[in-house]
């Protein structure tokens with residue numbers, strides 16, 4: 001228990017509070033944009049340690065999302081428990097950007113009878129399918 005208090009005290013000592021957005025930025029080791037700290041022969045995310053210090057273990061199937069968008073932030077007021085899917089959809093990844101599209105490049109809606117779901121989870125526009133099929137035939141034939 002004393003070791004745990006010592007560790008959390010060391011973590012708090014390395015957090016810098018930014019006045020602009022009140023993020024508690026980790027000033028130590030960063031990996032893939034996230035604050036990391038090593039103990040017990042492993043590296044752990046700083047924001048997870050701080051969150052669990054205040055609220056206990058993260059429930060199975062959930063993870064923390066930085067609502068401030070700052071991966072270095074460990075301010076528990078900037079962290080929200082979400083599913084992995086929700087966390088990914090909130091990101092600025094190409095996958096998330098495509099998931100937010102409501103219409104195909106030619107303006108047809110990705111909804112109702114016009115929506116085709118692909119085996120890999122992608123979406124296809126039924127109105128554009130004949131155009132894609134003709135293009136494939138033209139190139140292959």
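Structure summary
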read-out: Rounded to 10°, Cα long-axis angle of helix 46-55 versus longest principal axis of the chain; value: 70
read-out: Convex hull projection area averaged over all views, the stretch 1-80, Cα basis, nm²; value: 5.5
read-out: Choice from 93, 27, 113 with maximal GNM fluctuation in the chain (Cα, 10 Å cutoff); value: 113
read-out: In degrees, nearest ten, helix 2-13 long axis to first principal axis of the chain (Cα); value: 70
read-out: Rg and Dmax [Cα atoms of the chain; Å; Rg one decimal, Dmax integer]; value: 22.2, 74
read-out: Relative contact order (percent, whole number), the chain, Cα cutoff 8 Å, 6+ residue spacing; value: 14
read-out: Mean residue ellipticity (222 nm) of the chain, computed from DSSP H runs ≥ 4 via -39,500 (n - 2.57), nearest 500; value: -9500 deg cm²/dmol
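None of the figures in this text is laboratory data; all of them are computed from the coordinates on show. The model shown is predicted, which means the values in this text are computed figures rather than measured ones.
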